[in-house]
Amino acid sequence: MPIPAALAKFLIKTGIARLHPGVRRLMGDGLTFLKYYSSRILEAPNEELRRTQAVMERPEGLIDLSLGAPPMLAPLQNTTLVWSDEGYPSLRGHGALRQRLAQKWEIENGLSVDPDHEVLVCNGASQALGLFLDTFLDPGDKIALFDPGYFMYRLASQYRRLRMANIPIRCEAGLGRFSERDLKSALKGSRGLLINSPGNPTGAVIPPSELERIAYWCARYDVLIFSDEVYEHFNYQGHQTSIARFPDARNRTISAFSWSKTYGLAGLRVGAVCGNRWLLQPMSVAYLASAPFVSALAQQTALLAMEVPRACLQERRLDFQQRRDAIHRLLNQYGIRHELPGGAFFFWIELPESKRPAHRFAYELRQHSALLTMPGESLSRNGSRYLRISFAGSWPECEMGIGRLIEALTSQTRHQSSSRPRAA
Ligand SMILES: Cc1ncc(COP(=O)(O)O)c(C=O)c1O
């Protein structure tokens with residue numbers, strides 16, 4: 001729990017903050033700089049972020065099962081661009097790219113979108129989330145979100161001082177399940193809902209009937225929806241259903257797409273949203289006022305990527321589905337508790353009591369098994385019981401990493417932090 005900014009500022013001003021061991025740990029020799037930090041930064045979940053950042057650092061020689069970034073699709077590896085700078089790109093995105101996106105949403109998602117007014121290209125789905133929150137919510141407003149969920153939702157909401165209302169969700173045989181009571185109580189009085197199907201970190205796919213129910217309650221409580229569909233091409237339950245297809249959601253949903261997952265181009269930093277023009281127009285104001293424009297070079301690469309044959313995307317999905325099934329069998333064989341993910345490329349593993357809390361176990365895995373994983377604390381309020389692993393990386397490394405994880409999970413001993421790390 002962050003402390004209120006006013007109290008933090010008082011503690012900093014009086015010098016008391018410097019005496020706090022947690023503050024000293026976070027700030028190291030930067031304690032004198034604390035007085036410059038804004039309230040938003042002081043109230044951010046800094047301790048959690050420090051842990052997440054530690055996980056995101058990828059020293060050589062470690063096997064990385066922590067990050068959800070698949071490699072670039074094979075046909076894109078030899079792509080060369082002939083490019084000349086034409087000045088600032090269009091704010092909403094390059095015209096040809098918006099046209100192509102509108103086509104994609106029509107064909108793949110059944111959404112009819114006007115490329116001139118209902119599409120906005122931005123720096124990844126992450127930026128789209130920030131724009132949604134900045135455009136439609138003020139500090140103190142209530143936002144509904146599923147738990148567990150993508151860590152950025154919590155961070156971005158807390159940073160904007162929103163009140164978060166959690167809807168517990170679990171994955172059962174690939175499908176997302178939650179109670180109507182929790183949904184209604186979170187939506188009541190909320191201005192926005194963040195929804196992500198297939199979902200990070202559980203891989204839960206929310207079935208169409210449930211999406212329709214969510215749309216209904218959002219309309220009843222007049223809540224806007226941010227539908228994060230970055231894993232749409234990794235849906236093993238069947239065809240992706242976009243919530244915006246339901247009449248109750250159509251004019252209250254911003255649907256987000258990203259090149260990071262579909263094409264394995266996370267470094268490109270391109271994403272896009274579609275939605276009603278009267279929702280997108282103010283979003284482009286927030287965009288202009290914050291970090292406008294996507295590099296023209298990146299947009300041209302994004303357009304080229306969309307020419308990859310659909311068969312290529314299907315092939316990757318099939319490959320990932322086979323990986324998922326193989327890991328599922330292996331984890332079952334060793335009695336490791338988990339649910340079969342219906343989409344995305346993660347396993348949300350329930351840790352035995354002796355291996356909790358997750359952040360400590362993840363640290364031990366890093367030190368003694370040369371393995372990076374994502375501790376659940378950054379992804380859920382009950383996250384200390386869970387560990388997320390990703391199977392998006394190279395398959396031989398995944399297999400080796402999962403072998404190390406199983407070894408650590410099934411061993412009776414618990415390493416002491418001071419013992420010597422094992423070689424990678
Ligand atoms: C649910 C979800 N949304 C968005 C993103 C980030 O998307 P982008 O790279 O387009 O910012 C991630 C990345 O892990 C994610 O898991």
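Things worth noting here:
- Mean projected area in nm² (Cα convex hull; one quarter of hull surface) for the stretch 98-230: 8.0 nm²
- Hits among lysines - C-alpha to C-alpha of K142 under 30 Å, sequence gap 8 or more where chains match: K9, K35, K184, K188, K261
- Gap separating the Cα centres of the stretch 113-164 and the stretch 346-363, nearest whole Å: 29 Å
- Pairwise label distance in nanometres, I107 with W395, each label 7 Å out on the Cα-Cβ vector: 2.7 nm
- For the chain, the relative contact order comes to 21 percent (Cα pairs under 8 Å, sequence separation of at least 6).
- Full-stretch length increase - K13, L330 - with 0.36 nm per residue and alpha-carbon distance subtracted: 108.7 nm
- Extended-chain gain in nm, criterion 0.36 nm per residue less alpha-carbon gap, D319 and A74: 86.9 nm
- Estimated distance in nm for a label pair at E60 and H117, the labels positioned 7 Å out from Cα along Cα-to-Cβ: 5.6 nm
- Proximal aspartates and glutamates relative to K13, as straight alpha-carbon distance under 19 Å, when same-chain residues fewer than 8 apart are discounted: D29, E43
- Listed values for the stretch 347-356 are Karplus-derived 3J(HN,Hα) couplings in whole Hz (6.51 cos²θ - 1.76 cosθ + 1.60, θ = phi - 60°), namely 10, 9, 9, 8, 7, x, 3, 5, 10, 9, and x replaces Gly and Pro.
- Here T301, T253 are placed in order of increasing Cβ neighbour count within 10 Å, fewest first, which gives T301, T253.
- Debye-sum result for the chain in log10 I(q)/I(0), which assumes one identical scatterer on each alpha carbon, at q = 0.11, 0.14, 0.15 Å⁻¹: -0.89, -1.39, -1.53
- About its Cα centre, the chain has a charge dipole of approximately 1440 debye under the convention of +1 per Lys or Arg Cβ and -1 per Asp or Glu Cβ, with nothing else charged.
- Part-to-part distance (alpha-carbon centres) for the stretch 282-341 and the stretch 218-242, which is given in Å: 15 Å
- Within the chain, DSSP assigns beta bridges of which about 50% are antiparallel (rounded to the nearest 5).
- Size check on the stretch 293-397: the Cα extents along the three principal axes, sorted descending, read 50, 34, 26 Å.
- Distance in nm between pseudo-label sites at R356 and S411 (7 Å out along the Cβ direction from Cα): 2.2 nm
- Y88, Y153 arranged by Cβ crowding within 10 Å, fewest neighbours leading: Y88, Y153
- Each 5 Å bin from zero holds the following percent of Cα-Cα pairs in the stretch 33-185: 2, 6, 9, 12, 15, 17, 16, 13, 7, 2, 1, 0.
- Gain in span if fully extended, A96 to I41, counting 0.36 nm per residue against the direct Cα distance: 16.0 nm
- Value of [θ]222 nm, deg cm²/dmol, for the chain, DSSP H segments ≥ 4, -39500 (n - 2.57) each, nearest 500: -12500 deg cm²/dmol
- Peptides 282-289, 237-244 ordered by average Cβ neighbours within 10 Å, highest first: 237-244, 282-289
- Debye-sum result for the stretch 79-165 in log10 I(q)/I(0), which assumes one identical scatterer on each alpha carbon, at q = 0.16, 0.24 Å⁻¹: -0.84, -1.11
- Annotation: amide H of D147 within the under-5 Å range of I167, I169, sequence separation 5 or more or interchain, hydrogens built in the peptide plane.
- Sorting I406, I107 from the fewest to the most surrounding beta carbons within 10 angstrom yields I107, I406.
Computed from the coordinates by the stated procedures, all read-outs in this text should not be read as laboratory data. Note that the structure is a prediction, hence the values are computed from the model and not measured. Ideal geometry is used to build each Cβ from the backbone, glycine not excepted, and the neighbour counts take in all protein chains shown.
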